[in-house]
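The values are calculated or read from the model by the stated rules, or taken from the named source; none is laboratory data. Given the structure is predicted, the values throughout are model-derived calculations rather than measurements. Please note: Cβ atoms are built from the backbone with ideal geometry, for glycine as well, and neighbour counts cover all protein chains shown. Note: accessible area is taken over every heavy atom of the protein model, side chains too, but ligands, DNA and RNA are not part of it. Shrake-Rupley method; radii C 1.70, N 1.55, O 1.52, S 1.80 Å.
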Amino acid sequence: MNANMHGGKTFVGHTQKGRGRRGNLWKGPAWSTALILLIPLWGNHYVDGWNWHPGGFVLVGAFLFGTGLTYKWATRNADTLAYRAAVGIALATTLVLVWMNAVWMSDAVEVVGRENPVNSLFFGVPIIGIIGAAIARFRPGGMARTLSAMAFAQTLVTGIVLVIWLPQITTWLPGVVRMFGSNVAFAMLFVGSALLFRKAARFRDTRPRPVPLPERDQERPDAHQTATGQTGAKPLFPEP
């Protein structure tokens, strides 16, 4: 930050470096998305049976770029590692959950012989996260409650799917085991993110805040020294 004097008053402005950071908010996610998409692009050319359609590249690229951009925006003013880690875990888990839900729905076709519409309930978990983040405005205390609600919803939906799905299955096939284990892992990751948000909220509550000087003291050149007891003025009754 830089300060300019106009008419005896100080105006604080942002430096070019600060503006550059905000201008580069999208560049990191864009480069990361491009590098990740090189993997399926390579598979289309050199792996037998790997055939991604252009629509798949667009969809996955949009998800990856949106997730990265959200992380950069949410953590642009973060002052703790716990908050950055919590946002990263929450976004990455949600991204993988949406992706894996499509796999579970295809497994339902393989195991039961038809799609299981109950699997669409898993999309409610990210919706809870979006609504909770909007209400909390990404404040750590509100985000901790949001991630706790997502973990509870993930566990609840898993139970509903198993209760409706399992009576049609005689054995725990690999698709069922993968679905159950993945959901347990997702719920634990949401809980871990909630704990990190709670830690960031405690740090924010206990962090000392500077006490602003009164407006009339800000115009005095020695206001800061006087407030701290260090002033260049001579004492009224000097010691002999």
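So here's what we get for this one:
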{"item": "Residue ID - least open to solvent (accessible area, probe 1.4 Å), chosen from residues in the range 122-164 that are within 16 Å of S182 (Cα to Cα) and aromatic (F, W, Y)", "result": "F122"}
{"item": "The listed residue being assigned to a helix (DSSP H, G or I), of a type in the set (G, A, S) and either at pLDDT 95 or above or touching a Leu at 6+ places or on another chain (Cβ under 7 Å) (or both), out of A62, A90", "result": "A90"}
{"item": "Pairs with Cβ under 7 Å, 6+ apart, first in the range 140-169 and at pLDDT below 85, second outside any helix (DSSP H, G or I)", "result": "W165/N116"}
{"item": "Counted residues, the range 53-71 - those being over 20 Å from the mean Cα position of the chain (by Cα) and surrounded by 14 or more Cβ atoms within 10 Å (Cβ to Cβ)", "result": "1"}
